[in-house]
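What follows is a short report on a single structure.
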């Protein structure tokens, strides 16, 4: 299973080491958010890895909503339900909640299809910065703090017309940014394409914190640093 290198099970709990989380972010999602670096003081497990684990363990349903309620840090033991119903949570061994999931409709446990969709989703999700976020920030004349860039996963949802997917891909539909003082909420809308037809749709929301007036040179510096980190990792 493709997720095996990125987690392990201990006494019924799932644990994710910082190095595993970082590898998933960089190698599967192509996401170089510094929050996922093992040495980051604010390290957290990528939301896309939690999402991928949920689908692999509980199946893919026709309609699903994921709400992230906490950031998974180091040395957290996660509990994934063995008999998930229409509503369930991902908690740790201290019963702290990190993710709420609701679902309805048909459910597929076809792991090959689930992997195909999951890889398509996390590849789309991981490319939010800089391709989508920078033009949005410029349009609204705001930017994140270049010294402490904070972009946090808040929620995602999708629904399918059918689940007999062959080779699904995600297509960007549109995006929006709602600014409230120093905080902003970005919503990315996407379509799911299979055999050249739209078979589903969904959205992802992220929270931007520490917003201030847009400064082109500072944003470009942030983009350059991000791309340099990506290039260095990929050439290593």
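What the table shows:
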| item | result |
| --- | --- |
| Among (1) without any contact (Cβ under 8 Å) to a residue 24 or more places away in the chain; (2) touching a strand residue (DSSP E or B) at 6+ places or on another chain (Cβ under 9 Å); (3) assigned to a helix (DSSP H, G or I); (4) over 30 Å from residue 215 (Cβ atoms), the one test that residue 112 misses | (2) |
| Unique residue being surrounded by fewer than 17 Cβ atoms within 10 Å (Cβ to Cβ), over 19 Å from the mean Cα position of the chain (by Cα) and modelled with pLDDT under 95 when the list is 223, 179 | 223 |
| Residue that is surrounded by the fewest Cβ atoms within 10 Å (Cβ to Cβ), among those in region 1-14 that are without any contact (Cβ under 8 Å) to a residue 24 or more places away in the chain and within 21 Å of the chain's Cα centre (by Cα) | 4 |
| Top-ranked residue in region 137-149 [being in contact with a helix residue (DSSP H, G or I) (Cβ under 8 Å, 6 or more places away or on another chain) and surrounded by 16 or more Cβ atoms within 10 Å (Cβ to Cβ); ranked as nearest to residue 43 (Cα to Cα)] | 149 |
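The values are calculated or read from the model by the stated rules, or taken from the named source; none is laboratory data. This is a predicted model, so every value here is computed, not measured. Quick reminder, even Gly has a Cβ in these numbers, built from the backbone with ideal geometry, and neighbours come from all protein chains shown.
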